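Note sheet for the following structure.
The values are calculated or read from the model by the stated rules, or taken from the named source; none is laboratory data. These numbers were taken from a predicted model, which means no experiment stands behind them. Backbone-built Cβ (ideal geometry, glycine too); neighbour counts: all protein chains shown. All accessible areas refer to the heavy atoms of the entire protein, side chains included, with ligands and DNA or RNA removed. Shrake-Rupley method; radii C 1.70, N 1.55, O 1.52, S 1.80 Å.
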Amino acid sequence: MTLKECKKEEKADREFQKKFKFEGSINVLTRMMVDPAATEKRGGGKNLPLRRGEILDVIQFTNQEQILCRNSQRR
């Protein structure tokens, strides 16, 4: 990983922490794949756009229906 890529990832992590008021370091609990048969959803606000078969990093389980995660673009 180059220095430029490393700084870009650090910046994305800081923006993530600010947007979701997330304190502490970001630790990936597990990874999951979006159901390939699911309909694609547009994101908006704090909702992540979902694409079929996309791999997501799970950061935190917030409640029974929602989880905090990020995609491969670190969004």
- Message: Take G24 and tell me if it is modelled with pLDDT under 85, open to solvent by less than 90 Å² (accessible area, probe 1.4 Å) and touching a Pro at 6+ places or on another chain (Cβ under 8 Å).
- Response: no
- Flagged in the stretch 1-20 as within 14 Å of the chain's Cα centre (by Cα) and outside any helix (DSSP H, G or I), in numbering order, are F20
- Message: Pairs please, first residue from the stretch 39-53 and in a strand (DSSP E or B), second anywhere and of a type in the set (A, V, I, L, M) and open to solvent by less than 100 Å² (accessible area, probe 1.4 Å), Cβ atoms under 9 Å, 6+ apart in sequence or on different chains.
- Response: K41/L48; K41/L50; L50/V34; L50/A38; L50/L56
- of a type outside the set (F, W, Y), in contact with a Lys or Arg (Cβ under 7 Å, 6 or more places away or on another chain) and surrounded by 15 or more Cβ atoms within 10 Å (Cβ to Cβ), is that true of L50? yes
- Task: List every residue pair whose Cβ atoms lie under 9 Å apart, where the two residues are 6 or more positions apart in sequence or sit on different chains, the first residue falls within the stretch 12-36 and is free of Cβ contacts under 8 Å to residues at least 24 places away in the same chain, and the second residue, located anywhere, is of a type outside the set (A, V, I, L, M) and loosely packed, with under 10 Cβ neighbours inside 10 Å.
- Result: Q17/E23; Q17/G24
- Query: Taking into account only those residues within the stretch 29-47 that are surrounded by fewer than 12 Cβ atoms within 10 Å (Cβ to Cβ) and among the aliphatic types (A, V, I, L, M), which is nearest to S72 (Cα to Cα)?
  - Reply: M33
